[in-house]
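The values are calculated or read from the model by the stated rules, or taken from the named source; none is laboratory data. Worth saying up front: this structure is predicted, and the values here are computed from it rather than measured. All Cβ positions, glycine included, derive from the backbone under ideal geometry; neighbour counts span all protein chains shown.
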Amino acid sequence: MLPSRHLRAAARQRSHRRPAIAGDACSSKPDVEVIWRNKAITAHMRAGRVPDAERLFDAMPRRSTSTYNAMLAGYAANGRLPLARALFRSIPSPDAFSYNTFLHSLAVSSSLADARALFEEMPVKDSVSYNVMISSHANHGLVSLSRHYFDLAPQKDAVSWNGMLAAYVRNGRIREARNLFDSRTEWDAISWNALMAGYVQWGQMAEALEMFNRMPQRDVVSWNTMVSGYARRGDMVEARRLFDAAPVRDVFTWTAVVSGYAQNGMLEEARRVFDAMPEKNAVSWNAMMAAYVQQRMMEEAKELFDVMPCRDVASWNTMLTGYAQAGMLEEARAIFDMMPQKDAVSWAAMLAAYSQGGFSEETLQLFKEMGRCGEWVNRSAFACVLSTCADIAALECGMQLHGRLIKAGYGVGCFVGNALLAMYFKCGNMEDARKAFEEMEEKDVISWNTMIAGYARHGFGTEALEVFDKMRTTSTKPDAITLVRFFVLERCLFKSIFVSGMLSSVFKYNNVDWVGVLAACSHSGLVEKGISYFYSMHCNFGVTAKPEHYTCMIDLLGRAGRLDEALNLMKDMPFEPDSTMWGALLGASRIHRNSELGRRAAEKVFELEPENAGMYVLLSNIYASYGKWRDADNMRTMMHERGVKKVPGFSWIEVQNKIHTFSVSDSMHPEKEDIYAFLEYLDIRMKKAGYVSATDMVLHDVEEEEKEHMLKYHSEKLAVAYGILKIPPGRPIRVIKNLRVCGDCHTAFKYISAIEGRLVILRDSNRFHHFRDGSCSCGDYW
């Protein structure tokens, strides 16, 4: 196929080269050769062979208006609007078909302003012209304009009336559709079915049934509409009654019942109807197969898939999605690779499987492969890859995706736009998150919540509250999630929990809300406020405390060093403490160096969760911090004997669109010598500035000098050093760690940010830390 610029040039040349007009334009005698060539042009265009049609058109010594119309219709059908526009303007004597064809081409390409301009200049308008304007504006939700052209039409045919009725129905204006329907009596079965389907679509089954009972003549579509309507709403008794009463059934009637039973979890009934079907098509097979997939019955789905006589791309996609949702990624990839034909849904499903399974590298690689195959990238695919970029903090990759989103026209919508906001926040780029948010033409409550939560997680509560205040000036109403986050921010900023009584009148607190409030108090050190909120839950708001609320309180008291009170609270609970509660107490024991209580808490955790590696490590660390090396070694031995493995810590940083991963004392990086030399240089400068290594955090029985050496080469320090070496001054250093940052590294990064004059953004397993000018956004409370 010729490049588009060549096609445009060819079109310009054709506009100047006008062979004689033959046959229908200037002569009463038809030109047989021109008619034959016109048919050949039409055949080429229908097969998508645009260059072949153009060559034939260019070689014609004589052309008729029908010749131009064949080319015009072909360009329109193949999405070549610029060429259609140029050709239309070159037609010597355009007729009504020429105008209507180009008018339809403009309408389907969303060039409605141009379509309206062309409509106004048309010398003659027929019912086809008006019908194009009615349907095209309805398709874009411009129902009032559709009605305008409907009212203008001097003569209305059945297509006009049905088009206007469909415009109302499709856009949910059922009352106006009914008024139009009641304004005349000459409606055919298509019209009755359209209005009835509208009632069904918008959940007005009583009105749909009234239409159904009034119909002068029902066809199979009428019965199918009602059967599928009741089935989709879970009323299988009424759906089955109508199914049994239907005088005629086709494959769609049967499939509607199968789908209804399947969607309502009635697999045995669905299978009985499926097996009794006199005829099945791909939709029928897919419906039954989807029923098994929804119930995670992949073996049964596979058996059905293997015997299907008529697989289509939806059949393959159903199996692919089923395996992906069941976490069977190898099987999902096998299905994907075997597919004879893939569509955008196939690629998006496989991307989602990799992304949700944590296979970041495979997700990005598949996305690149998708681009090489020339497949159209839909919203779901973009959202999956953005989520992956967020998970691994691949900011540069995410920014490239942002550019592609804008070109594809998705960047201003909520679905992908919200994923874009989350990506920027998780990559620590709040400035671009704010810009993307402001550029979104559509914002829903998720958009606002993402902004509020993003700022809050970075520790920028003031900015989050500003977003909340701005939200209140829009038509978007805060939901429970918004208000919980607002409470959390209020707590972190030491403000009153009730904002002039405004929030208490908006919604009732539920368990999740109170968990957010108590957790915020725990992480902000607001002990007395947290205790007050805990006891006011039941007294003032009628919320009964659940285990998660008690866990927050145990964590709150434990962090504050009030270990006895935490223990007493556990004794007074109306249920037995679970492993999470004992784990919170164990963490507090380490903070406050209470080895005896830590041992007791750990023993309880081991009873409840013998494979919880974190608890073994935590107790071992408590012993080590006290110098009880034998006890610490015993814990490590116990882990080995029980097959419990500690999750290794590692950090990574993105530099020039490539992810660099580091482990403690990493020796694999190709530039390790430069990194270690720079760390030595930094260590000297930090010590001159007053930095002292926190050797008490080294949990091994070694000399003090060796402890300093071990602290110096933690994975996050290696990543930060590499970032300073490679990322130009003025740009932030963004590092991700899979575990919580250690206290020594946290202190070191404050010194490094001041010495190097760089902003260091660290995302650990708990929160974000912004190190700038010698301080951290967390206020040293994390």
Quiz item: Take the residues of region 643-664 that are surrounded by 12 or more Cβ atoms within 10 Å (Cβ to Cβ) and farther than 13 Å from Ala719 by Cβ: which is nearest to the chain's Cα centre (by Cα)?
Solution: Lys646
Practice problem: With respect to Ser346, determine if the residue is more than 29 Å from Arg767 (Cα to Cα), among the polar types (S, T, N, Q) and outside any loop (DSSP other than H, G, I, E, B). | Solution: yes
Quiz prompt | Entirely in region 58-146, the helices (runs of 4 or more DSSP H) that have 3 or more residues that are more than 30 Å from Glu33 (Cβ to Cβ) and out of contact with any strand residue (DSSP E or B) (no Cβ under 8 Å at 6 or more places or on another chain) | solution = 96-108, 112-121, 127-139
Practice problem: Within region 148-176, track down each residue that is polar (S, T, N, Q) and either free of Cβ contacts under 8 Å to residues at least 24 places away in the same chain or touching a Ser or Thr at 6+ places or on another chain (Cβ under 7 Å) (or both). | Solution: Gln155, Ser160, Asn162
Quiz item: Restricting to region 345-371, what's the tally of residues that are surrounded by fewer than 23 Cβ atoms within 10 Å (Cβ to Cβ) and in contact with an Asp or Glu (Cβ under 8 Å, 6 or more places away or on another chain)?
Solution: 2
Quiz prompt | Answer from Gly74, Gly79 - the residue that is of a type in the set (Gly, Ala, Ser) and surrounded by fewer than 22 Cβ atoms within 10 Å (Cβ to Cβ) | solution = Gly79
Exercise. Considering every residue within region 20-38, establish whether at least one is of a type in the set (D, E, K, R), at pLDDT below 85 and under 30 Å from Met133 (Cβ atoms).
Key: yes
Exercise. Filter region 668-691 down to residues that are in contact (Cβ under 8 Å) with a residue 40 or more places away in the chain and among the charged types (D, E, K, R) and give me whichever is farthest from Lys750 (Cα to Cα).
Key: Glu671
Practice problem: State the number of residues belonging to region 222-251 that are in a helix (DSSP H, G or I), β-branched (Val, Ile, Thr) and surrounded by fewer than 18 Cβ atoms within 10 Å (Cβ to Cβ). | Solution: 2
Quiz item: Is it true that Glu279 is at negative phi, acidic (Asp, Glu), under 36 Å from the mean Cα position of the chain (by Cα) and modelled with pLDDT of 85 or more?
Solution: no
Exercise. Mind counting the residues in region 177-204 that are part of a helix (DSSP H, G or I) and surrounded by fewer than 17 Cβ atoms within 10 Å (Cβ to Cβ)?
Key: 5
Quiz item: Do any residues in region 752-764 that are free of Cβ contacts under 8 Å to residues at least 60 places away in the same chain and among the basic types (Lys, Arg) have Cβ atoms under 6 Å from those of residues that are buried (at least 22 other Cβ atoms within 10 Å of the Cβ) and not in a loop (DSSP other than H, G, I, E, B), where the two are at least six apart or on different chains, and which pairs are they?
Solution: Arg758/Ile733
Quiz item: Of all the helices (runs of 4 or more DSSP H) wholly in region 364-438, which have at least 3 residues that are of a type in the set (Val, Ile, Thr), within 23 Å of Pro732 (Cβ to Cβ) and in contact with a helix residue (DSSP H, G or I) (Cβ under 8 Å, 6 or more places away or on another chain)?
Solution: 379-392
Exercise. For region 678-697, state whether one or more residues are surrounded by 14 or more Cβ atoms within 10 Å (Cβ to Cβ), at pLDDT 85 or above and either outside any helix (DSSP H, G or I) or touching a strand residue (DSSP E or B) at 6+ places or on another chain (Cβ under 9 Å) (or both).
Key: yes
Quiz item: Considering only region 246-278, how many residues are touching a Ser or Thr at 6+ places or on another chain (Cβ under 6 Å) and within 19 Å of Met298 (Cα to Cα)?
Solution: 0
Quiz item: From the list Lys495, Lys435, which one is at pLDDT 80 or above, out of contact with any Lys or Arg (no Cβ under 7 Å at 6 or more places or on another chain) and surrounded by fewer than 18 Cβ atoms within 10 Å (Cβ to Cβ)?
Solution: Lys435
Exercise. Name every residue in region 639-669 that is within 18 Å of Lys726 (Cβ to Cβ) and β-branched (Val, Ile, Thr), in order of residue number.
Key: Ile653, Val655, Ile659, Thr661
Self-check item: Which listed residue is at pLDDT below 80 and hydroxyl-bearing (Ser, Thr, Tyr), from Ser625, Ser579
Solution: Ser625
